[in-house]
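First comes the structure, then the notes that go with it.
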Amino acid sequence: MTEKFLIELLRGYKSGAVTEEATLAKLKNLSLDAVENFGFASIDHARELRQGFPEVVYAPGKTKEQLKIIFKNLYERSNGNLIASRASREQFDFLHEEIPLAVFDETARMIYVDRDKTLERDVSRKILVVTAGTSDIPVAEEARLTAYLWGNAVDTCYDCGVAGIHRLFAHIDEITSANVLIVVAGMEGALASVVGGLTARPVIAVPTSVGYGASFNGLAALLAMLNSCAAGVSVVNIDNGFGAGVLAAKINRVR
C-alpha cells in the first residue's frame, strides 16, 4: 500500500472511472490488506504509506526460506527500495534467482533493492558518515547505505579518529557543510564529542563493539557517547548503523 495507490484510487473515483461502491470496498479493505500473515511472519504493507519506506527485514534468526518469502512479498507489493539487514551471502544466493534486482553488500551485510526512481537526492543537504577507524567501517557502511536508500545524498570520511586528530581536521569543510552527521566509533568513543563540538548540525553517535577487553564490546563507547559534553549529540545502540541511517534520513526530511 503506497501513497501512489491512494492517489490513483481517488483520481479514479473523481473521474468516474472507479465507482463509489468499488472505492468504498477498497478503502474498507485497506486495514485488512495492510498486514499479511504467513504464520512465521506478519508483513506490514502499510509501513511504506506511514513512514515513506517499506518494512525492513532483520535477517538473523530467519531461515533462508523464510527470508525469501518475506522479501519477495515485499518486493511484489511495494514500489519503494527494500532492505534486509544483517544478511548472509547464503541467504542472498537463495533469494537472488527470484529477485534479480536484489544486491548484496558484503561490508554492510545488507541485501537491498534500489529501484525507486522518484527519489531526488539533494546534494545541498548531505549526510556525512565519519568513522574513528577502519574497523568501524562495516557499521558505517550499514548506516551509509541505509541513508542512501532512504533517498539521501551521503558522503563518508573514514579512519579519522582522535588518535590522529589531524586526520579529522583535514575534513573540516565536509563536517561543517553536512546537514546531518553520523559518527561511528569504538574504543573510548571520543570522536562523537569532538565532531559534536565542530558543527551546529545534528550528530548521531554510533558506538561499535570494536576494542580491547575494557571496551566491553562497545559498552565503554556507548557510555562515553551518552555522557558527551557536546550539545546536540544523540546516541543509538551498539553497532546499530541501520538505526543511525534511518534517524539521519528522517531528520534530513524535515524542512
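The values are calculated or read from the model by the stated rules, or taken from the named source; none is laboratory data. This structure is a prediction, so every number in the text was calculated from the model and none was measured. Note that each Cβ is placed from the backbone with ideal geometry, even for glycine, and that neighbours are counted across all protein chains shown.
Couple of notes before you dig in:
- Among the candidates Arg89, Arg109, the residue that is exposed (fewer than 15 other Cβ atoms within 10 Å of the Cβ) and at pLDDT 95 or above is uniquely Arg89.
- Of the candidates Ile127, Ile111, Ile99, the single residue that is closer than 30 Å to Val254 by Cβ, outside the structural domain of Met187 (by TED's automatic domain parsing), touching a helix residue (DSSP H, G or I) at 6+ places or on another chain (Cβ under 6 Å) and of a type outside the set (Phe, Trp, Tyr) is Ile111.
- Candidate set: the stretch 203-215, residues that are surrounded by fewer than 19 Cβ atoms within 10 Å (Cβ to Cβ) and touching a helix residue (DSSP H, G or I) at 6+ places or on another chain (Cβ under 9 Å); chosen: the one farthest from Arg144 (Cα to Cα): Ala214
- Yes/no for Phe94 being within 18 Å of Leu145 (Cβ to Cβ), of a type in the set (Phe, Trp, Tyr) and surrounded by 15 or more Cβ atoms within 10 Å (Cβ to Cβ): no
- Within the stretch 25-47, restricting attention to residues that are closer than 19 Å to Val246 by Cβ and in contact with a helix residue (DSSP H, G or I) (Cβ under 8 Å, 6 or more places away or on another chain), the residue that is modelled with the highest pLDDT is Ile43.
- For the stretch 67-118, the candidate set comprises residues that are in a helix (DSSP H, G or I) and free of Cβ contacts under 8 Å to residues at least 12 places away in the same chain; within that set, the residue that is nearest to Ser42 (Cα to Cα) is Glu76.
- Any hit, the stretch 193-201, residues being β-branched (Val, Ile, Thr), surrounded by 22 or more Cβ atoms within 10 Å (Cβ to Cβ) and part of a loop (DSSP other than H, G, I, E, B): no
- Residue in the stretch 161-170 that is assigned to a loop (DSSP other than H, G, I, E, B), at pLDDT 95 or above and farther than 17 Å from Leu226 by Cβ present: no
- The listed residues are Leu223, Leu191, Leu198, Leu219, and the only one of them that is touching a residue at least 60 places away in the same chain (Cβ under 8 Å) and assigned by TED's automatic domain parsing to the domain that holds Leu128 turns out to be Leu191.
- With respect to the stated conditions, Phe53 is buried (at least 19 other Cβ atoms within 10 Å of the Cβ), in contact with a Lys or Arg (Cβ under 9 Å, 6 or more places away or on another chain) and either closer than 20 Å to Glu90 by Cβ or touching a residue at least 24 places away in the same chain (Cβ under 8 Å) (or both).
- Entry remark, the stretch 133-149: residues being hydrophobic (A, V, I, L, M, F, W, C) and without any contact (Cβ under 8 Å) to a residue 60 or more places away in the chain number 1 in total.
- Selection over the stretch 217-250 of residues that are in a helix (DSSP H, G or I) and among the charged types (D, E, K, R) gives a count of 1.
- For Asn152, the conditions (1) surrounded by 15 or more Cβ atoms within 10 Å (Cβ to Cβ); (2) part of a loop (DSSP other than H, G, I, E, B); (3) without any contact (Cβ under 8 Å) to a residue 60 or more places away in the chain; (4) among the polar types (S, T, N, Q) are fulfilled apart from (3).
- Residue ID - farthest from the chain's Cα centre (by Cα), chosen from residues in the stretch 119-145 that are among the hydrophobic types (A, V, I, L, M, F, W, C) and part of a loop (DSSP other than H, G, I, E, B): Ala132
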